[in-house]
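Structure first, commentary second.
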Amino acid sequence: LPDGNGNFVSAGELLLEEARTNLITYSERFDDSYWQKLNATVDANVFTAPDGTLTADAFIPAASSGEQRIRRDVTGLNSDTTYTFSVYAKAAGYNFIAVSPGNYFVADHLTYFNLSTGTVATNPAGNTATITDVGNGWYRCSVARTTSSSQTVISSRFYVAETDGVASFTGDGTSGLYIWGAQIEAGSFPT
């Protein structure tokens, strides 16, 4: 890089990322009707998000039996293309989040993340999962998956999970997760 004196100096290692578009419109407003909730409520802007703003939401399972999830179908996608779904999460009574970038109408593609140990737990074939510690108990959980030859819809879903592999249970109505910053983007890793 030029140093202003006509000399070039090393910039060290540079990371250049391709430009991408987040296909989710309300990526930080999970209380909006854009997101379908099942057996769960969302309290908006109740906790400090990874960027330091008071914009993280509480995702609270209902005190009823069943899956405790938030869902958004994204349409108009390309078949045979890899997409990555990511969300920031922090434990708030439960230590597991399950994330699915899959086709809701074909099969369940849930990947479980342990928010107390910062590790990927159960991860089905076809999913490429990563968990990244971003500080203060927050993790970015991401799952990449390639759409099938006829798939143009991704049913992006995430669940409060009672334990690894258990996304259907009876919540207590107060414990849950903090969530923030969901993304779906074409590509094999989150940007």
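Of all the residues in the range 96-120, those that are of a type outside the set (A, V, I, L, M, F, W, C), assigned to a loop (DSSP other than H, G, I, E, B) and modelled with pLDDT of 95 or more number 3. Quick one: would you say ALA121 is closer than 17 Å to GLY181 by Cβ and either surrounded by 23 or more Cβ atoms within 10 Å (Cβ to Cβ) or touching a residue at least 24 places away in the same chain (Cβ under 8 Å) (or both)? When the stated conditions are applied, ALA121 does not pass them. Set side by side, the residues ASP43, ASP51 differ, and just one is surrounded by fewer than 16 Cβ atoms within 10 Å (Cβ to Cβ), more than 24 Å from PHE169 (Cβ to Cβ) and charged (D, E, K, R), which is ASP51. Taking the criterion of being open to solvent by less than 50 Å² (accessible area, probe 1.4 Å) and among the polar types (S, T, N, Q), the residues of the range 149-190 that qualify are GLN151, SER155, SER156, SER175, GLN183.
Okay, residues lined up against (1) closer than 30 Å to SER148 by Cβ; (2) charged (D, E, K, R):
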position: PHE30; (1), (2): yes, no
position: SER33; (1), (2): yes, no
position: GLU67; (1), (2): yes, yes
position: VAL74; (1), (2): yes, no
position: LYS90; (1), (2): no, yes
position: TYR94; (1), (2): no, no
position: ILE97; (1), (2): yes, no
position: SER100; (1), (2): yes, no
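The values are calculated or read from the model by the stated rules, or taken from the named source; none is laboratory data. Because the structure is predicted, anything quoted here is derived from the model rather than measured. Cβ sites come from the backbone with ideal geometry, for glycine too, and all protein chains shown count toward neighbours. These accessible areas exclude ligands, DNA and RNA; they are computed on the full protein's heavy atoms, side chains included. Shrake-Rupley method; radii C 1.70, N 1.55, O 1.52, S 1.80 Å.
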